[in-house]
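What follows is a short report on a single structure.
The values are calculated or read from the model by the stated rules, or taken from the named source; none is laboratory data. All values reported here derive from a predicted model rather than from experimental measurement. Quick reminder, even Gly has a Cβ in these numbers, built from the backbone with ideal geometry, and neighbours come from all protein chains shown. Areas reflect the complete protein model, heavy atoms only, side chains present, ligands, DNA and RNA absent. Shrake-Rupley method; radii C 1.70, N 1.55, O 1.52, S 1.80 Å.
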Amino acid sequence: MLEKLSPRVVFHWFELLSAIPHGSRDTKAISDWCAAFAADRKLTYRQDDAGNIVIYKHGSRGAENEPPLILQGHLDMVCAKESGSTVDMSCEGIRLCTDGSDVWADGTTLGADNGIAVAMILSLLDASDIVHPPLEAVLTVDEEIGMKGAAQLDMSWLKGRRMINLDSEREGEIFAGCAGGNKVTCHLPVVRIPASGDVWDIHICGLQGGHSGIDIHKGRACAIRLLGRILYQLSCTGTMHVIDAFSGQADNAIADEAHAVVAVQDNLDVKVVVAEMENELRAEYRVTEPTLCIEVCHTENTAPMLDIESTGRLLCMLQCVPQGVEEMSADVPGLPQTSANFGILRVNPEEIYGEFCVRSALVSQKQMMNQRIECLIKQLGGSTACSVGSPVWAFCTESPLRDCCRQAYCDLYGNEPEVKISHAGAECGIFAAGIDGLDCVSIGPNITFVHTPKERLEVASVENTWKFLLKILALMCEK
């Protein structure tokens with residue numbers, strides 16, 4: 001499928017990787033495949049119980065004694081798909097599509113985050129004609145669910161004190177710092193009673209979604225937040241009980257669809273109320289969500305509904321929990337400093353379950369957001385739990401590696417790259433905390449709509465990033 005794209009070697013490995021299911025928590029197969037790759041090439045490697053793998057390669061001729069370089073990416077991907085997709089991502093590979101300019105997947109996430117990094121690393125490990133220092137290729141697991149793999153990796157396996165992470169999604173930018181983050185899960189018990197009244201199905205669709213780190217400040221709608229507003233308006237108009245509600249596929253993805261099944265009394269005209277809300281929301285989001293749509297239809301139901309108190313607690317949670325950017329950075333114009341993303345909602349038989357991704361460049365504000373969620377859920381009679389999460393990757397004013405990358409970019413393109421700090425999490429923070437004196441940067445090609453089925457990888461950008469990486473390696477070996 002991708003054999004005509006350039007660089008051919010990179011897309012060759014990307015296509016092979018895409019054939020292996022590798023969602024978070026399901027990375028054994030791809031980790032073992034990478035171990036076999038190393039063994040076939042007689043490259044030394046180490047693989048831990050979590051599935052993290054480190055592959056070592058000597059420097060090219062004349063560069064054997066250069067200081068080693070760590071190259072790092074992650075093996076897992078966010079598995080999300082369109083509501084009509086029949087792909088079983090737990091056992092099927094990605095169905096790749098391309099028009100020569102972009103690569104995408106048929107009905108699912110593509111996994112360019114971070115499969116394209118792994119493909120570049122494998123290309124370097126397989127090559128015999130590329131100038132490079134000794135390489136320590138680190139491929140971690142479960143990055144998308146709290147960077148659990150990197151947190152478990154034995155850092156003593158690594159001798160390098162400089163690292164290039166290939167998990168950025170914007171060509172021409174060198175990232176040198178990022179926010180820290182963690183996941184918050186919440187559990188809110190419910191009481192159910194026999195259903196009565198007219199039953200309606202409400203479906204919010206047509207939203208862009210996106211990555212809760214790089215897209216959270218772009219004004220896109222969160223389907224869970226919109227659902228809360230619609231359901232609350234229904235409850236203000238007449239008697240309404242929630243039977244079911246669900247939205248989202250990952251805590252770190254902005255929810256682009258939401259469903260609810262509700263029972264209403266007193267001849268409440270759901271269609272009229274929802275149509276009015278749709279008009280209001282379309283006006284609010286006319287720029288960022290031009291295809292916003294709310295579908296409503298009668299449906300059959302035999303399941304019990306939430307009682308009025310449980311419905312009220314759900315509505316309070318949906319209306320009041322923090323969502324989106326809390327504060328912008330005072331130091332870096334245009335950079336979100338603190339945010340929360342309500343990524344997953346499930347109304348299960350015995351509880352309401354939610355997942356949030358909290359991010360901040362300040363430990364104190366990350367704690368504050370965790371406490372705000374905890375305080376609300378506790379007052380509603382529920383409980384929360386916070387993951388350890390990822391540390392802040394602090395910006396360093398002096399970085400020889402960053403200087404090398406800037407020189408490489410200038411040599412290739414004649415202008416300076418942008419040096420940035422990201423609101424998205426990066427495993428660099430974990431490595432920097434675990435390796436004394438680590439000098440690291442993050443680069444990557446253009447990938448849009450990450451963590452959604454709309455994910456796209458720009459072909460020309462992959463080639464540019466590959467050339468950029470090769471230039472950096474060559475400069476490291478110059479005497």
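Some observations on this one:
- Net charge of neighbours whose Cβ lies under 14 Å from the Cβ of VAL347, counting Lys and Arg as +1 and Asp and Glu as -1: -3
- Sparsely packed loop sites in segment 447-479 (the GluC sites (Glu not before Pro) outside DSSP H, G, I, E and B with at most 15 other Cβ atoms within 10 Å) comprise GLU478.
- J(HN,Hα) series, segment 226-231, from Karplus relation 6.51 cos²θ - 1.76 cosθ + 1.60, nearest Hz, glycine and proline x: 4, 4, x, 5, 5, 5
- Three-way shape label, segment 158-244, alpha-carbon gyration tensor, a/c 1.5: prolate
- Proximal charge balance of LEU5 [Cβ under 15 Å; K/R count +1, D/E count -1]: -2
- Interchain or long-range residues, amide H under 5 Å from ASP198's placed H: VAL264
- Annotation for segment 289-354: GluC sites (Glu not before Pro) lying in DSSP loop with at most 14 further Cβ atoms inside 10 Å of their Cβ are GLU300, GLU350.
- Ranking by accessible area, most exposed first, for LYS28, LYS183 with a 1.4 Å probe: LYS28, LYS183
- J(HN,Hα) series, segment 186-191, from Karplus relation 6.51 cos²θ - 1.76 cosθ + 1.60, nearest Hz, glycine and proline x: 10, 9, 10, x, 10, 10
- Rolling a 1.4 Å probe over the protein heavy atoms gives the chain an accessible area of 41 Å² per residue.
- Cβ charges +1 (Lys, Arg) and -1 (Asp, Glu), total dipole of segment 9-92, debye: 320 debye
- Helix axis angle, 270-284 relative to the chain longest principal axis, alpha carbon, degrees: 40 degrees
- Rolling a 1.4 angstrom probe over segment 326-479 with all protein chains present gives an accessible area of which 51% lies on carbon and sulfur atoms.
- Environment charge at ALA150 (Cβ cut-off 9 Å; Lys +1, Arg +1, Asp -1, Glu -1): -2
- Adding -39500 (n - 2.57) for every DSSP H run of four residues or longer, then dividing by how many residues the chain holds, sets the calculated 222 nm ellipticity at -9500 deg cm²/dmol.
- For the chain, DSSP calls about 80 percent of its internal beta bridges antiparallel.
- Order of exposure, largest accessible area first, which applies to HIS12, HIS74, HIS58 with probe 1.4 Å: HIS58, HIS12, HIS74
- Crossing angle, helix 400-413 versus the chain [Cα axis fit, 0-90 degrees, rounded to tens]: 90 degrees
- In degrees, nearest ten, helix 459-476 long axis to first principal axis of the chain (Cα): 40 degrees
- Cα-based radius of gyration for segment 57-122, normalised by 2.2 N^0.38 Å, reads 1.57.
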